[in-house]
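The values are calculated or read from the model by the stated rules, or taken from the named source; none is laboratory data. Everything numeric here is computed off the predicted structure, so don't read it as measured data. Positions of Cβ are generated from backbone atoms using ideal geometry, with glycine treated the same way; all protein chains shown enter the neighbour counts. Accessible surface is based on the protein model in full, side chains and every heavy atom, while ligands, DNA and RNA are left aside. Shrake-Rupley method; radii C 1.70, N 1.55, O 1.52, S 1.80 Å.
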Amino acid sequence: MDTHFAQRRRRDLIVALCLAALAALAPLFVKDVYVQNIMVLTLMYAALSQSWNILSGYCGQISLGHALYFGLGAYTTALLFTKFGVLPWFGMLAGGAISALIAMALGYPCFRLRGHYFVIATIVIAEIALLLIQNWDWAGAALGIDIPMRGDSWLKFQFTRSKLPYFYFALALACIAWFVTWWLEDSKWGYWWRAVKDNPDAAESLGVVVFNSKMGAAAVSAFLVAVGGSFYAQFVSYIDPESVMGFQFSLLMALPAVLGGIGTLWGPVLGAVILIPLTELTRSFVGGSGRGVDLIVYGALIVAISLALPRGLVSVFSLRKGAAR
């Protein structure tokens, strides 16, 4: 391993541990429930975007249909809990496993497509799944599922008096997604994915099993996103097709990684830390006019960041390092 690369990986791990420790202490100083809610959503989307980045950033398979896996995780947990009394923890694992299997099943035909054809396929499949759920009476159809509250309990993962348990789970999920990405980055799969992203034909000529590498990335990405969907279902206690499988979720997973730096370790985290609070604050303070002012402000800022830093926000740090040298 290159010495500089090894040092960077150790530095990244140390920085991540320090940031996680600081984040864990944040609730001691932040008592406002609204701000805590924003913190939970920021951590959740950091985990989701990190998971999306595994397939779309490192492997180069841009997906705009990851809301499918988010919704599968949410519905699996909600249905198992409301219909059969299965604890959400088992529902999370079941939702992740189902999503991983479906991701590989869909990847079998879709990974034969390239470029914008693959992107279109992911959107179409997610929209078809949304329509199916909207017309599935056993799953509540368009009305959705109301998850009954049965008292504050870690066992049932339900809390009505405080958002702090949700905050710490979201923090743990974000840390797991980051660590999985960090670990995969220097694994055989990580090198395969970057090779496939750069040039699939050249990678295959050098012995990379392109199809299998794409399937592995899809399975890992879908599993983690589904766990995020399961968490969201417990967090809001009510889900319906549009609230967990709408196209906006696919975009909100992709945007932090794209603006932070797609295919990078810190891009999704940095993007989520900036974008999600920006989304919530613009909606709260300028969204009440009913004229879409919040969306105009939000969109204008995204465009400005994209134009100023086309390689993502993480490029700011690389530029500073270059200037220092």
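Some points to look at:
- Label sites at Val30 and Ala172, each approximated as a point 7 angstrom past Cα along Cα to Cβ, lie 1.9 nm apart.
- For Phe81, neighbours were defined as the other residues whose beta-carbon sits under 12 Å from its Cβ, and their charges (Lys and Arg +1, Asp and Glu -1) total +2.
- Taking each DSSP H run with n ≥ 4 as -39500 (n - 2.57) and averaging over every residue of the chain yields -24500 deg cm²/dmol at 222 nm.
- Gyration tensor verdict on segment 77-209 (Cα atoms; rounded if a/c is under 1.5, prolate if a/b is larger than b/c, oblate otherwise): oblate
- Take the chain and mark each of the chymotrypsin sites (Phe, Trp or Tyr not before Pro) that is in a DSSP loop with at most 14 other Cβ atoms within 10 Å; the longest unmarked stretch, sites excluded, is 155-325.
- Top positive-direction residue, dipole computed over segment 2-246 with Cβ charges, set Leu171, Ala67, Phe29: Phe29
- By accessible area with a 1.4 Å probe, ligands and nucleic acids excluded, highest first: order of Ile120, Ile262: Ile120, Ile262
- Centre separation in Å (Cα based) which lies between segment 209-256 and segment 151-200: 12 Å
- Whichever lysines have a C-alpha closer than 22 Å to that of Lys156, once near sequence neighbours (fewer than 8 apart) are set aside: Lys83
- Only Lys, Arg, Asp and Glu carry charge here, each on its Cβ (+1 for the first two, -1 for the last two); on that basis the chain has a dipole of about 780 debye about its Cα centre.
- Set of lysines with alpha-carbon distance to Lys214 below 25 Å, sequence-local pairs under 8 removed: Lys188, Lys197
- Average accessible area per residue (Å²) across the chain - probe 1.4 Å, nucleic acids and ligands excluded: 48 Å²
- Of the DSSP H helices in the chain, those whose Cα atoms cover at least 18 Å axially and whose Kyte score averages 0.0 or more: 3-25, 33-53, 67-84, 88-110, 116-134, 164-185, 210-236, 247-261, 267-286, 293-308
- Dipole magnitude (debye, nearest 20) for segment 160-244, charges at Cβ of Lys, Arg, Asp, Glu: 320 debye
- Counting only residues at least eight positions apart within a chain, or on another chain, the lysines with an alpha carbon under 22 Å from that of Lys31 are Lys163.
- At R0 = 51 Å, FRET efficiency that the Cβ-Cβ distance of Ser237 and Asp201 yields, to 0.05: 0.55
- Over segment 159-208, the Kirkwood radius and the radius of gyration, each from Cα atoms, give a ratio Rg/Rh of 1.36.
- Cα gyration tensor, segment 2-246 - rounded (a/c under 1.5), prolate or oblate: oblate
- Toward the positive end of the charge dipole of segment 2-246, with +1 on the Cβ of Lys and Arg and -1 on the Cβ of Asp and Glu, the farthest Cα among Ala16, Phe157, Leu87 is that of Ala16.
- Approximating the spin labels as points 7 Å out from Cα along Cα→Cβ, the Ile14-to-Ala97 distance works out to 4.1 nm.
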